[in-house]
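The values are calculated or read from the model by the stated rules, or taken from the named source; none is laboratory data. Keep in mind it's a predicted model, so treat the numbers as computed, not measured. A quick note on method: Cβ atoms are made from the backbone with ideal geometry, for glycine too, and the neighbour counts reach across all protein chains shown. Ligands, DNA and RNA are excluded from the accessible area calculation, which covers all protein heavy atoms including side chains. Shrake-Rupley method; radii C 1.70, N 1.55, O 1.52, S 1.80 Å.
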Amino acid sequence: MIRSSLIWQLCFVVIVGLMINTASAQSVLMLVAPGAGWHVDVDLELADLLEADGYDVTVQAVDEVPGEEQADLAEEFDVVYIADSLGSTSVHDGVDIYLKESPVPVIAQEAYMWDEAQLTGRLIYEDFGDTFQAVEESVLGAFTELDIVNPNHPMAAGLSGAVSVYTDPYGYNYGYVPEMGTDVDVIATIPGQPEYATLFVYDQGDALAEEFVTPGMRIGVFLGQNVVSEDFGGDGTNNRWDRLTEDGVALFKAAFGYASGRLTAGPTGDYNGSGDLDAGDLDVHAEYVRSGDPAGDVNGDGSTNLADRLAWVKDLQGSWVGDSNFDGEFNSGDFVTVFTSGKYEQGPTATYSEGDWNGDSQFDSTDFVTVFSAGGYEQGPRAIAVPEPSTWALLLVAALVSLAVRRSPKNI
């Protein structure tokens, strides 16, 4: 009877959770070209991807330049997406883009309207465009990677450095940064060319090009124009969403997450874009340490290493290395947390909450050297003065480690 009652309680919680998620689903208005065809099919693939991610997507074909009707409609949604299938002349009349005045966040894949929206300068193929058609030879052509230059921004999806976003070479939308607005936040650029932004955002109230202050968030995304013709650098196939790698999809999801408010700009050190400082940030930082990525340079000495990891915990988290349950202290409760994972000296990759305190992706004796050298065991919150670790504390840890080793499951 008790077991049955518990099951019903759990079912109730799940059902209520689903109802809450449905009620709070962010809404997306996707503006696409009229009619059918491969270019519209590509847009519908994105709609499917977003709906699978919990968004409520409304697709509307636009027969003419979006005017006041679309601007009014946009205010009923959380995000507006301008699809590449529309074409530049479908979203402006050569003078105005009506959605430019909208307070609703707008994500634009159609790079050839960025100039009219004042996201970039005005010179086509130079200040904005697609790398298949760029004038500057340095950005002309197809790529598989882009450079994440602002890894701490939520739109970076926890990625940094050179990231592969296409399974095979393809074009990027781009804006020439010197001619963009002074408040632009550039997330990613053409490989090795930081002056060409391919993923960027202006937050509400930012100055766009020509000093126009945007009433709503504006995002330009990297996915290049839907080119089939080999005359424009295409390979004869459609630019479908299965061309994107897992990281490429993650960047698109992060753009919608940031525009819809799912992801917010977190504090310094929020490497995973969660909006908080948590153990996941230290897992990303471990990757920075292993690769030497400068994005993880917390102490400002120009390099990324264990010292930055210790500085993150001390100066940003305000706690002790070893505080794996993030309660502000390093004590026996943290040993319960890490040994529950059963990864001590077992070989599998470990996270910070599983005992990887020094960032080498393993939980072993070297992690104990790290945490006890820091001297925070059983010292309470960080603000309390810290004596050297006592002999009884070290003996207690040795006993706990010994017990954990005996009880940990062995690899088969």
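Structural remarks
- Against the test of being of a type in the set (A, V, I, L, M), crowded, with 21+ Cβ neighbours inside 10 Å and within 30 Å of SER102 (Cα to Cα), the options LEU282, LEU277, LEU251 yield a single qualifying residue, LEU251.
- The residue of region 285-300 that is most open to solvent (accessible area, probe 1.4 Å), among those that are outside any helix (DSSP H, G or I) and either without any contact (Cβ under 8 Å) to a residue 12 or more places away in the chain or closer than 15 Å to ASP356 by Cα (or both), is GLY300.
- Close pairs (8 angstrom Cβ cut-off, 6 or more residues apart or separate chains): aromatic (Phe, Trp, Tyr) in region 129-140, buried (at least 19 other Cβ atoms within 10 Å of the Cβ) and assigned to a loop (DSSP other than H, G, I, E, B) anywhere: PHE132/GLY171; PHE132/GLY224; PHE132/GLN225; PHE132/VAL227; PHE132/GLY233; PHE132/GLY234
- Residue in region 40-52 that is at pLDDT below 75, farther than 22 Å from ASP130 by Cβ and among the charged types (D, E, K, R) present: no
- Test: residue in region 301-316 that is among the polar types (S, T, N, Q) and open to solvent by 50 Å² or more (accessible area, probe 1.4 Å): yes
- Looking across region 244-282, the residues that are in contact with a Phe, Trp or Tyr (Cβ under 6 Å, 6 or more places away or on another chain) and assigned to a helix (DSSP H, G or I) come down to ALA279, ASP281, LEU282.
- Which numbered condition ARG240 fails, given (1) at pLDDT 90 or above; (2) under 23 Å from the mean Cα position of the chain (by Cα); (3) open to solvent by 40 Å² or more (accessible area, probe 1.4 Å): (1)
- Residues that are open to solvent by 20 Å² or more (accessible area, probe 1.4 Å), assigned to a helix (DSSP H, G or I) and not acidic (Asp, Glu) within region 325-364 comprise SER332, GLY333, VAL336, THR337, PHE339, THR340, SER353, listed in sequence order.
Let's see how each residue does on (1) modelled with pLDDT under 80; (2) in contact with a Leu (Cβ under 9 Å, 6 or more places away or on another chain); (3) outside any helix (DSSP H, G or I):
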residue: ARG3; (1), (2), (3): yes, no, no
residue: ILE15; (1), (2), (3): yes, no, no
residue: VAL28; (1), (2), (3): no, yes, yes
residue: GLN60; (1), (2), (3): no, yes, yes
residue: GLU76; (1), (2), (3): no, yes, yes
residue: TYR81; (1), (2), (3): no, yes, yes
residue: GLY94; (1), (2), (3): yes, no, yes
residue: PRO103; (1), (2), (3): no, no, yes
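- Test: ALA374 is free of Cβ contacts under 8 Å to residues at least 60 places away in the same chain and aliphatic (A, V, I, L, M): no
- Restricting region 163-176 to residues that are of a type outside the set (Ser, Thr, Tyr) and closer than 27 Å to GLY205 by Cβ, the residue that is surrounded by the fewest Cβ atoms within 10 Å (Cβ to Cβ) is ASN173.
- Subset of region 199-228 [assigned to a strand (DSSP E or B) and buried (at least 17 other Cβ atoms within 10 Å of the Cβ)]: LEU199, PHE200, VAL201, TYR202, ARG218, ILE219, GLY220, LEU223
- Whichever residue in region 105-139 is assigned to a helix (DSSP H, G or I) and open to solvent by less than 20 Å² (accessible area, probe 1.4 Å) and, among such residues, is farthest from SER260 (Cα to Cα): VAL139
- Restricting attention to region 265-274 and to residues that are at pLDDT below 70 and within 11 Å of the chain's Cα centre (by Cα), the residue that is surrounded by the fewest Cβ atoms within 10 Å (Cβ to Cβ) turns out to be ALA265.
- GLY322 meets the stated requirement of being closer than 18 Å to ASP278 by Cβ, open to solvent by less than 50 Å² (accessible area, probe 1.4 Å), touching a strand residue (DSSP E or B) at 6+ places or on another chain (Cβ under 8 Å) and not aromatic (Phe, Trp, Tyr).
- Any hit, region 177-198, residues being modelled with pLDDT under 90, open to solvent by 30 Å² or more (accessible area, probe 1.4 Å) and not hydrophobic (A, V, I, L, M, F, W, C): no
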